[in-house]
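Report on the following structure.
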Amino acid sequence: MNQLFSRFALLTLSGAVLTLSACSNDDNDDNEVKPAEALKTETASNLGPAPTSTTPPTAGQPGTPRHYAFYNLATKSEVPYTDSATTKWDIAVRTTTILVNGGSSGPGQGGAIVQDGLFSEITAAPATGYNVDSRTAYAIPTGSGKGWYNYNSTTHVVSPIAGKVILLRTAAGKYAKLEIVSYYKDAPASPTGTEPRGYYTFRYVYQPDGSTNLK
Amino acid sequence: MSFALPDGCCYPWQMHRFSSSAFLLVLVVSPALGMAQQRPALADTSAQHLRLREVVVTATRTEKTLTEVPIPVTVVSRQQIQAMGAVRLTEVLGEQTGLNVGADHGRGVQMQGLNPEYTLILVDGEPLIGRTAGTLELSRVAVGNIERVEVVKGPASALWGSEALAGVVNIITQKPQPGTRGEVRLRYGANRTADVGGTFNYRHNQLGLTVFGNRYSSAGYTLQPASGQATVPPFTNYTGQSRLSYQLDDKTTLSVSGRYFIEDQASNLPITTEGGQVAQVGLKARQQDFSLNPSVTRCFSDKLFGTLRFYHAGYRTKEDYTYTADGTPYDASYFHQTFTRPEAQLDWRLHPKHTLTVGTGYLWESVEATRYDQRQQMRSAYGYLQDDWSPLTGLNLVAGVRYDGHSQYQGQLSPKLSGRYQLRPWLAVRASAGRGFRAPDFRQLYLNFSNPAVGYSVFGTHQVREKVAQLAAQGQLALDPATGQPLINAPLLEQASSLTAESSRAYNAGLQLDPTPKLRLTANFFHNDLRDLIETAAVAQKTNGQSVYSYRNVSRAYTQGLETDARYLLRAHLTLSAGYQYLVAKDRNVVTQLKNGSIYRRDPETLETTRLKVADYGGLFNRSRHMANVKLFYDNQATGWSGSVRGVYRGRYGFQDRNGNLILDTGNEYVAGYWLWNVSAAKAFRQRYTLQAGLDNVLNYTDPAYLSTVPGRLYYASLTVALGSK
């Protein structure tokens with residue numbers, strides 16, 4: 001009986017929502033009420049620039065790549081580095097550095113906030129307070145324990161810190177949340193530090209409608 | 001202290017409280033211990049009853065029967081040490097309930113979940129010195145002349161001052177006994193381990209003398225051959241100890257004791273040079289310790305007993321690294337430490353129910369080493385007062401307080417109150433509360449050290465800021481790949497620069513049960529609330545991948561648990577004992593963070609991040625939640641056979657963080673628990689000779705990556721020859 005009733009209530013409610021949105025003519029309204037469709041969590045794997053070919057064979061790990069690897073959250077795809085001066089990319093990575101498309105890094109509106117918390121529990125992006133890349137500091141701070149990773153000087157393993165969520169403003173001014181889960185190729189369960197590094201695996205939720213809702 | 005009591009002296013007044021049979025037993029037991037020829041007398045009592053009337057001196061700094069002390073004390077007798085076939089103190093302590101002997105810059109003892117630097121190590125009431133990174137290497141102590149080892153658990157700073165925070169281990173050596181005799185012992189075992197030693201005892205009229213000499217050597221062992229380094233390189237050491245006592249009159253005794261220890265060790269280790277090449281480097285290391293301890297004791301009356309002691313000790317190490325290829329020097333270092341202390345104590349039987357103990361002393365300490373910029377000195381003056389009060393039959397209260405004034409730190413006031421009540425003839429309860437402290441040591445203040453082989457650096461807190469800045473200027477600090485800034489942990493550096501003394505408030509409460517004359521059960525609950533604990537902290541990272549360490553106070557932590565022991569006389573000559581400790585040790589800051597939900601971890605398979613709960617926290621690293629032991633001792637004087645089977649269990653313990661959240665929370669951060677089983681058997685024949693053979697670690701357990709102290713199965717055999725008249 002209860003179940004029946006709640007189903008009925010839900011139907012009524014969604015009907016009302018639909019009616020409301022149908023009445024609205026202003027497509028640019030950010031606070032527009034839409035049918036509550038959960039955003040999908042995407043996973044990007046092994047984002048990283050190709051290592052330079054002139055790696056000395058004795059060094060163990062390849063040298064720093066010449067270029068960053070660029071990524072577009074909306075299209076879920078990598079962007080060639082030749083488009084680095086455009087707003088086609090949202091984030092870029094090279095070794096432990098992450099760029100956002102804004103400030104000193106690019107022509108977009110990109111910014112970031114590194115926040116403590118659970119990825120799933122962060123349901124809204126702040127509207128303000130985003131850090132922007134500058135000549136002296138990145139929006140996503142680098143350094144062991146300072147931003148998104150810890151570096152173990154004994155094992156040389158770079159581990160993304162669990163519970164660090166990056167709230168991102170994209171090149172186009174949309175919002176997203178992002179969590180880096182691995183720094184090693186194919187996200188090994190227990191990296192030993194000898195795997196190819198600089199290959200980011202991250203999960204993200206991108207809100208295409210321009211609102212701060214990240215549910 | 002009252003180690004060399006003249007015969008017939010007034011001192012043991014406290015025994016008046018005991019039943020007369022207990023008093024007799026004490027008289028019988030104490031002079032007879034360890035004398036092979038006199039052991040039958042002992043066996044007669046021990047065959048039918050557990051020996052419970054041992055006298056201890058560490059708990060109250062006066063002689064007191066073990067069962068009467070209001071705080072937890074473990075006594076390991078000479079007889080037990082011999083039955084174990086032990087040659088060094090590490091082996092003896094490693095088998096006791098609640099004690100864990102681990103390796104961290106030497107083998108030290110973890111007590112009530114507290115690291116080795118919180119346990120004071122005494123030889124006849126005077127401290128052994130020479131700690132490395134807080135650990136006093138207990139294998140420096142040979143056991144051949146030990147009468148008994150007393151282990152006091154819980155803070156004893158109210159009597160013993162700094163370092164007696166977790167407890168005190170007091171090694172009581174043999175005192176001159178009437179007659180002339182000696183003993184020679186040869187022991188040989190696996191890893192070409194040889195132990196040769198002897199004791200000599202003389203006492204006639206006023207003059208008494210004991211001499212002990214020992215040579216101990218081993219070829220060492222290698223658990224990880226691939227590393228190119230021996231786990232324990234070959235070493236040889238010598239120990240000499242002697243005591244001379246002279247009874248001036250029937251009330252005054254003079255005595256002088258001395259100790260000398262020297263060890264040489266040689267090893268090879270591969271060094272990676274800056275060019276990336278590997279070079280072999282040889283290390284020759286020598287360490288020495290010595291001490292001289294004259295003392296006078298006097299019975300002023302049957303109510304007043306005085307002791308005047310002077311103690312001077314030194315510790316020296318020397319390490320020379322040379323390239324194996326051409327013999328050119330690679331590095332050299334030395335460390336010289338001295339400890340000088342006069343002390344006076346009066347024991348005053350004020351009233352039949354009150355015994356006052358009052359003492360005072362003055363301490364000079366100095367360190368001069370390659371690892372320090374200059375010779376550093378500290379001075380300290382202290383006084384202590386204790387009232388041992390028996391207001392009612394069966395009730396004993398001991399209240400004490402000590403003040404330590406220090407040239408480098410704020411004075412420390414350490415009170416302690418303990419009590420014991422005999423509820424029923426077979427049941428007693430005891431409880432105590434007290435404060436312990438440990439002042440930061442030289443190392444934590446002034447150390448300036450860079451390990452030449454591995455490449456890390458450690459700086460004392462007085463200078464760490466300056467040194468880190470220096471390294472940064474010299475380009476020796478790793479730069480963050482992105483920012484180009486040196487990898488310096490600013491918050492940790494700040495904490496390091498404001499170091500304070502460590503302290504604890506501790507509570508112990510327990511039961512002693514004697515349901516039958518053949519069974520004894522004890523249980524003790526302990527809680528240590530620790531403040532300002534000092535730990536090493538990596539404040540910066542170097543270009544060679546190693547860290548720059550200093551020290552900081554981890555503001556709060558606690559250890560608590562339950563320790564239980566049972567001893568049962570199975571039948572004549574056969575004693576079964578078992579011990580267990582449950583331990584929880586946690587960093588309170590981490591617990592707070594967990595309660596706030598601000599510590600996370602990521603599942604390595606699903607890559608899902610979850611918030612950790614308080615229950616996920618495994619506590620401080622290197623502590624086993626469960627430790628246990630089971631021992632069976634057989635001793636039949638009539639047939640000359642004796643033997644033992646001993647099993648020691650160490651439950652799993654945290655080793656290091658692996659998932660980047662810096663706390664102990666996942667299974668792969670633990671080292672597996674393990675049992676070590678040891679057996680020994682001995683046969684005495686023709687009154688003079690004893691043959692012993694044994695196997696340590698019978699099951700050949702090893703864990704090369706995590707357990708450097710467990711070399712696998714070891715066999716040994718020994719011959720002891722008693723010399724001289726009875």
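Some notes on this structure:
- Put a plus charge on the Cβ of each Lys and Arg, a minus charge on the Cβ of each Asp and Glu, and nothing anywhere else: the dipole of chain B about its Cα centre is then about 1860 debye.
- Dipole magnitude for the protein assembly as shown: about 2880 debye, using +1 per Lys or Arg Cβ and -1 per Asp or Glu Cβ, origin at the Cα centre.
- Shown is the FRET efficiency for A:A74 and B:A469, computed with R0 = 41 Å from the Cβ-Cβ distance and rounded to the nearest 0.05: 0.30.
- 0 to 90° range, to nearest 10: angle between helix B:39-48 axis and chain B longest Cα axis: 80 degrees
- Inter-probe distance in nm under a simple model that places probes 7 Å from Cα toward Cβ, at B:T252 and B:D302: 2.3 nm
- Pairwise FRET efficiency - B:T592 versus A:E42, Cβ, R0 = 35 Å, nearest 0.05: 0.50
- Descending by average beta-carbon neighbour count within 10 Å, the peptides B:394-400, A:179-185, B:468-474 line up as A:179-185, B:394-400, B:468-474, the highest first.
- Per-residue ellipticity at 222 nm, computed for the protein assembly as shown from helices alone with -39500 (n - 2.57) per DSSP H run of at least four residues, works out to -3000 deg cm²/dmol.
- Cross-link partners for A:K215 among the lysines, with Cα-Cα distance under 21 Å and sequence neighbours closer than 8 places in the same chain left out: A:K34, A:K40, A:K76, A:K164, A:K174, A:K177.
- Rounded tilt (10° steps) of B:20-32 against the dominant C-alpha axis of chain B: 60 degrees
- Projecting the Cα atoms of A:P49, B:Q79, B:A158 onto the dipole axis of the protein assembly as shown, where Lys and Arg carry +1 and Asp and Glu carry -1 at the beta carbon, places B:Q79 farthest toward the positive end.
- The mean number of partner chain beta-carbon atoms within 10 angstrom of a residue's beta-carbon across peptide B:162-174 is 0.
- Partners of B:K586 within straight-line reach, counting aspartates and glutamates whose Cα lies under 13 Å from its Cα and excluding those fewer than 8 residues away in the same chain: B:D529, B:D616, B:D665.
- Inter-probe distance in nm under a simple model that places probes 7 Å from Cα toward Cβ, at B:A717 and B:Y188: 0.9 nm
- B:W364 accessible area, 1.4 Å probe, all protein chains in place, Å² to nearest 10: 100 Å²
- Given B:K518/B:K631; B:K353/B:K518; B:K631/B:K683; B:K353/B:K416; B:K251/B:K416, the pairs whose alpha carbons are separated by over 21 Å: B:K353/B:K518; B:K251/B:K416
- Whether the protein assembly as shown is rounded, prolate or oblate, judged on the alpha carbon gyration tensor where a/c under 1.5 counts as rounded: prolate
- Loop trypsin sites (Lys or Arg not before Pro), segment B:319-399 (other Cβ atoms within 10 Å of the site Cβ: 12 or fewer; DSSP): B:R375
- Counting, for every residue in A:108-120, the Cβ atoms of other protein chains within 10 Å of its Cβ and taking the mean gives 2.
- Residue-averaged beta-carbon neighbours from other chains (10 angstrom radius) around B:609-616: 3
- Farthest toward positive dipole pole in chain B [+1 Lys/Arg, -1 Asp/Glu at C-beta], among B:A285, B:T370, B:A344: B:A344
- Farthest toward positive dipole pole in the protein assembly as shown [+1 Lys/Arg, -1 Asp/Glu at C-beta], among A:T154, B:G724, A:A127: B:G724
- Summing Cβ point charges (Lys, Arg +1; Asp, Glu -1) relative to the Cα centre of segment A:35-207 gives a dipole of roughly 240 debye.
- Dimensionless Rg/Rh of segment A:35-207 - Kirkwood Rh, Rg from C-alpha atoms: 0.96
- Rounded to the nearest 10 degrees, the angle from helix B:464-473 to the longest Cα principal axis of chain B is 30 degrees.
- In this structure, B:A344 and B:L209 have a Cβ-Cβ separation that, at R0 = 30 Å, corresponds to a calculated FRET efficiency of about 0.75.
The values are calculated or read from the model by the stated rules, or taken from the named source; none is laboratory data. Source: prediction; values computed, not measured. Quick reminder, even Gly has a Cβ in these numbers, built from the backbone with ideal geometry, and neighbours come from all protein chains shown. Each accessible area value is taken on the protein alone, full model and side chains, heavy atoms only, with ligands, DNA and RNA left out. Shrake-Rupley method; radii C 1.70, N 1.55, O 1.52, S 1.80 Å.
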